[in-house]
2 protein chains.
Amino acid sequence: MKASQFFISTLKEAPSDAEVVSHKLMMRAGFIKRLGAGIYNYMPMGLRVIRKVEAIVREEMNRAGGVELLMPVVQPAELWQETGRFDKMGPELMRVKDRHDRDFIIQPTSEEVVTDIARQELRSYKQLPKNFYHIQTKFRDERRPRFGIMRGREFTMKDAYSFDRDAAGAAKTYEAMFAAYKRIFDRFGLEYRAVAADTGAIGGDLSHEFQVIAETGEDAIVYCPTSDYAANIELAEAVSLLAERAPAAQALVNTPTPGKATCADVAQLLGLPLSRTIKSLVLATDELDEAGDIVKSTVWLLLLRGDHSMNEIKVGKIEGLKAGFRFATLAEIEDHFGSKPGYLGPIGLKKPVKVVADRTVVNMSDWVCGANLEDFHYTGVNWGRDLPEPDLVADIRNVVEGDPSPDGQGVLAIQRGIEVGHIFYLGTKYSKVMNATFLDENGKPAFMEMGCYGIGVTRIVGAAIEQNHDARGIVWPDALAPFTVVICPIGYDRSADVKAAADALHDELQAAGIDVMLDDRGERPGAMFADWELIGVPHRVVISDRGLKEGKVEYQGRRDEAATSMAACGIAAELKGRLRG
Amino acid sequence: MKASQFFISTLKEAPSDAEVVSHKLMMRAGFIKRLGAGIYNYMPMGLRVIRKVEAIVREEMNRAGGVELLMPVVQPAELWQETGRFDKMGPELMRVKDRHDRDFIIQPTSEEVVTDIARQELRSYKQLPKNFYHIQTKFRDERRPRFGIMRGREFTMKDAYSFDRDAAGAAKTYEAMFAAYKRIFDRFGLEYRAVAADTGAIGGDLSHEFQVIAETGEDAIVYCPTSDYAANIELAEAVSLLAERAPAAQALVNTPTPGKATCADVAQLLGLPLSRTIKSLVLATDELDEAGDIVKSTVWLLLLRGDHSMNEIKVGKIEGLKAGFRFATLAEIEDHFGSKPGYLGPIGLKKPVKVVADRTVVNMSDWVCGANLEDFHYTGVNWGRDLPEPDLVADIRNVVEGDPSPDGQGVLAIQRGIEVGHIFYLGTKYSKVMNATFLDENGKPAFMEMGCYGIGVTRIVGAAIEQNHDARGIVWPDALAPFTVVICPIGYDRSADVKAAADALHDELQAAGIDVMLDDRGERPGAMFADWELIGVPHRVVISDRGLKEGKVEYQGRRDEAATSMAACGIAAELKGRLRG
């Protein structure tokens, strides 16, 4: 490809609405162009990267037995009403009416449609397992689209849906998809982690996220450097940091802590480590009558070590809190504790409260907590002696760096990541509600066991840049680069030698199937190099008269500090060797 | 590819709502699956054909200098309001509101968005010409979707938009796209014609349709077998069939024609050829005031030879009728002609009427027309002698087979066709209204000259089938077939020899880049052959123990009457030779 036959558009400055580095660089390098909030034109340079992502995904999905089809963007509401998602989903589900006033949605995913296909087409156990996927435009009407195409409204996703005879088959399919995803991300050339994940609203029993490692990632990924353990912090198990409870050594003392309303302030005042304090979080749950009015509320006290933070996902799994919870109101707090926040604790409650202690908290001795009296804290508190054992002990905190790994194989570390893939074992969640059955060997109908497997095609482009960039621009891994090699001739229009050498190298690399770009725009060298560094092409060859006189060209990898002089006659073979290897 | 790793689903009967053969066969062969009115899942077999169409289109567009990008499916209404199409277009434009109640549309085409890109990105004459294209999902909310994916609501289209400095440049681009389209349709292996076409609502000055020839086509294509002339019947020029007017030979006679209200009946009654009669069509135009009320109506009488039919497109180009016309009401007819329809003519009008004669009509002598009196016609009518010359002479009829070609190179023939491609020279229609200018060499802004170029990717699949099918199913040209070769082993699971031979042939063809399918489903031969004939795979190889004993396999082309016995050891080379050639 020659630049004059392509479209290159770079900017010195990123638009002011670009918050993150990938968005800024994609705008500056001319990969995308904003059409509306969260809606982008994929410009020629950006589309090439998207196509590379798609091609790798497609190849590995096919290799793993996936069968590609294409389900529509605009889908009739009926199927979505059948699963209840038409009503349950919020405004992120884009609803639209046709000329006959019939309801449709613009697909955010395709569970309903694919399950409808499966219940009609997959009638016998002989047809199972089957794994259908498509790579299609999706729409989610995000309340606040941001980060360019990392959280856009219109985006491209690969979504696959598997149908198995039974849970054992579904588990095998899940494992095969897990392996396929690893191959996909390996081929991308990105640093990533597959982490155990919460199954969230989509339900099901088993789930992994594929996270591209990036400091700017929104997710915290917990992993154990000395074992295979890896999980999203939402899910990562926090074990007790105290194997057993030490005997009480201190007396209970109501200690003045004037104006010290946080654990950190109290610890500092008392000259104690923060890990000796306990923080009190007050939640509430409501029972509703049929009309939706509150008939009864329950107040919950969650106790965490002062240096730990609550994990809402874990709290939401506690019996009694599963159906939803809220923070207690000030009135509820004063009513139950007789004090305002900042000085709360589990001793001397005015009204009954459900006390949930974190696994570490329950083994602490001689600890500090609020005295339910403004400007006072208890010190030397001990379970059993000073207050009853907690109603419930549970893992309710986020792990922190240095925590023991739950597999007992070392200590945990934490990285930031961007979720770009997610695989779920769905079980019969959709097949039951949509009556997707097949006939088994005995002619009996059984529900299909399903899994679903997503990859955010356009999001990967953003995530790859978040991970791979420097002050000059993007640094593509070979597999995702819009062009793998750029040839920068100095004086293409002036020197017949330069033109001949550049054209010959271009033609030879292109014939070898390498995505090569010859910059024939006639830009000055500085501007030309800056463009291609911004765009992030991984391999650059500069051809000049001066070099050719000595039989040399200059090669520079995008991460190299400086160019290397190489024999002009050997450069094609050298690049072909490297890029095919 | 082996059948067990793919998804094959054939039906004995087509669903009752399938009206045309391509729709029936696509449903029966499992290419598509209906999701809603005019909305289809593209099943794995069908998607393979779509991808082949896309690949050919993409290669030839790139070769012709097109640059691929991707514009969104969901587009903000603002740009569509800028051109006025948001309000002007009917309900076929799918409108949708987002969570903030902002207006969007689901794109039927992308003139607005691409012109918006061009006016921002193409600022200098140095950047022109540029031809952007995308292959993207489109939506048109058709009042009556039908014919499967030939006239669906959601469909895939390749639409390209070119930007040139001036009309001369735009004409060159148009020619290059015309040539690219010819290469594309040649590569498809379909019988087609490029025909001059009316520019219709999209406007502009020059337009060609690419029509796939099929008896079931909705369009009539006029062409001259002995020259290059070809046009849609909407546009095809009808020359006068009479070089000059012969002198009057008969007297004007008011002749009783009781109950004979059509030209055919009158001609039969009088023993005259139909070509001696003239039919009268009465139209009306209205002048409206600012409130939209009719202030004045004009009645028009169009005269056509009895065996000719009116061409509405041509009539709509006549000065005075351009702004729109309607058929006259019965009251208007009786008011102006003093007779009811069936006996109307240009002689003895009660009120002034604009008379438009077809080019042939004006040179007729001694003709027959209605007498404006029930049950009477005039015979022996002659211009000048019996009535004044017409107010206007114009080409207002459809050509018929045997008419002289307007290029003077022979006579016209007519075929039916399905429009699958359409190229337009748009001029500055969009660039002016959207102020898409560039700076020329003198630094002066000028409007870009545009063209647009569409190919109905999914429609081509239907059109190809309309053209290529027989009683057993689809007959794909090699280039579009979902699989080029199918290997049908007899006893794949029972015979190690058959399995080994089938696997080896499969692997060798696949390694050669040929799309080969090995049917390992274990179906009976009859059912297996019927499936692949329905699906339309062009080349079939049957491998059986009986054949292998003699070193033979059976080859049958999809159009062949019978199978040919071929050496088993030579079949791979034979197929590779044929399919690469």
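The values are calculated or read from the model by the stated rules, or taken from the named source; none is laboratory data. From a predicted model like this one, the values you see are computed outputs, not experimental measurements. Virtual Cβ from ideal backbone geometry, glycine too; neighbours counted across all protein chains shown. For the accessible areas, the whole protein counts, side chains as well, though only heavy atoms, and no ligand, DNA or RNA atoms are used. Shrake-Rupley method; radii C 1.70, N 1.55, O 1.52, S 1.80 Å.
For this structure, a couple of remarks:
- For region B:156-310, average projected area of the Cα convex hull in nm²: 17.7
- When you restrict to C-alpha pairs under 8 Å that are six or more residues apart and normalise by the size of region A:253-394, the relative contact order lands at 28 percent.
- Direction-averaged projected area, Cα convex hull, region A:483-580: 5.5 nm², rounded to one decimal.
- Ignoring aspartates and glutamates fewer than eight residues from B:Lys552 along the same chain, the ones with Cα atoms less than 14 angstrom from its Cα are B:Asp497, B:Glu574.
- Amide hydrogen neighbours beyond the local backbone of A:Ser405, cut-off 5 Å, H modeled: A:Gly410, A:Val411, A:Leu412
- Computing FRET efficiency as 1/(1 + (r/R0)^6) for B:Ser124 and A:Leu269, where r is the C-beta to C-beta distance and R0 is 56 Å, gives about 0.20.
- Projecting the Cα atoms of B:Gly462, A:Ala284, A:Gly526 onto the charge dipole of the protein assembly as shown (Cβ charges, centred on the Cα centre) puts A:Gly526 farthest toward the positive pole.
- Listed pairs A:Lys2/B:Lys182; B:Lys33/B:Lys429; A:Lys549/B:Lys130 exceeding 32 Å between Cα atoms: B:Lys33/B:Lys429; A:Lys549/B:Lys130
- Listed by chain and number, the lysines placed with their C-alpha closer than 29 angstrom to that of B:Lys296 are B:Lys88, B:Lys279, B:Lys314, B:Lys317, B:Lys322, B:Lys340, B:Lys350, B:Lys351, B:Lys354; residues fewer than eight positions away on the same chain are left out.
- Counting Cβ atoms of other protein chains within 10 Å of each Cβ in B:4-11 and taking the mean gives 4.
- Value of [θ]222 nm, deg cm²/dmol, for the protein assembly as shown, DSSP H segments ≥ 4, -39500 (n - 2.57) each, nearest 500: -7500 deg cm²/dmol
- Distance in nm between pseudo-label sites at B:Ala563 and B:Asp375 (7 Å out along the Cβ direction from Cα): 7.4
- Using bins of 10 Å that start at zero, the share of Cα-Cα pairs per bin across region B:410-538 amounts to 11, 23, 21, 15, 14, 10, 6, 2, in whole %.
- Note on the protein assembly as shown: dipole from Cβ charges, positive end direction compared against B:Pro76, A:Tyr133, A:Asn311; the farthest Cα belongs to A:Tyr133.
- The mean count of C-beta atoms from other chains within 10 Å of the C-beta of residues in A:94-107, rounded to a whole number, is 5.
- Cα-centre dipole for chain B with unit charges at Cβ (Lys and Arg positive, Asp and Glu negative), debye to 20: 1060
- For A:Met517, nonlocal amide neighbours, meaning residues 5 or more places apart or on other chains whose placed amide H falls under 5 Å from its own, are A:Val485, A:Val486, A:Ile487.
- Highest-first arrangement of B:65-75, B:236-246, A:366-376, where packing means the average Cβ count within 10 Å: B:65-75, A:366-376, B:236-246
- Both chains summed, the buried accessible area for B and A stands near 4600 Å², from protein heavy atoms and a 1.4 Å probe.
- Across peptide B:59-70, the mean count of Cβ atoms from other chains lying within 10 Å of each residue's own Cβ comes to 4.
- Sorted largest first, extent of region A:223-337 alpha carbons per principal axis (Å): 52, 48, 26
- Difference of contour (0.36 nm per residue) and Cα-Cα distance, A:Lys296 to A:Ala530: 77.6 nm
- Accessible area per residue for region A:444-577, computed on protein heavy atoms with a 1.4 Å probe, is 39 Å².
- For region B:32-172, fraction of C-alpha pairs farther apart than 21 Å, in %: 53
- Estimated FRET transfer efficiency when R0 is 30 angstrom, pair A:Glu218-A:Leu242 (beta carbons, to 0.05): 0.40
- Backbone phi angles across region B:393-405, fed through the Karplus curve with coefficients 6.51, -1.76 and 1.60 (θ = phi - 60°), yield HN-Hα couplings of 10, 8, 7, 10, 10, 6, 5, 10, 3, x, 4, x, 5 Hz in residue order; Gly and Pro are listed as x.
- Overall, the protein assembly as shown carries a charge dipole of about 920 debye about its Cα centre when +1 sits on the Cβ of Lys and Arg and -1 on the Cβ of Asp and Glu, all other atoms neutral.
- With R₀ set to 41 Å, the beta-carbon distance separating B:Thr10 from A:Glu78 gives a calculated FRET efficiency near 0.95.
- At q = 0.35 Å⁻¹ the log10 of I(q)/I(0) for region A:15-54 amounts to -1.19, computed by Debye summation with a single uniform scatterer per C-alpha, solvent ignored.
- Per residue, the convex hull spanned by the alpha carbons of region B:137-231 comes to 143 Å³.
- Note on chain A: Kirkwood hydrodynamic radius from all Cα pairs is 27.9 Å, rounded to one decimal.
- Cα gyration tensor of region A:253-394 - equivalent ellipsoid semi-axes, whole Å, descending: 27, 16, 13
- Ranking B:Ala511, B:Ile571, B:Ala500 by Cα position along the charge dipole of region B:481-581, where only Lys, Arg, Asp and Glu carry charges on their C-beta atoms, puts B:Ile571 farthest toward the positive end.
- Interchain or long-range residues, amide H under 5 Å from A:Val355's placed H: A:Leu301, A:Asp391, A:Leu392
- Label-to-label distance, A:Glu334 versus A:Asp307, with points set 7 angstrom from Cα along the beta-carbon direction: 3.6 nm.
- Relative frequency of Cα-Cα separations exceeding 45 Å in the protein assembly as shown, percent: 51
- Dipole magnitude of region B:165-228, debye to nearest 20 (Cβ charges: Lys/Arg +1, Asp/Glu -1, about Cα centre): 380
- Relative contact order of chain B, pairs being alpha-carbon contacts under 8 Å that are 6 or more residues apart, as %: 17
- What the pair-distance distribution of region A:249-307 shows, using all Cα-Cα distances binned every 10 Å from zero, is 19, 34, 21, 15, 10, 1 percent.
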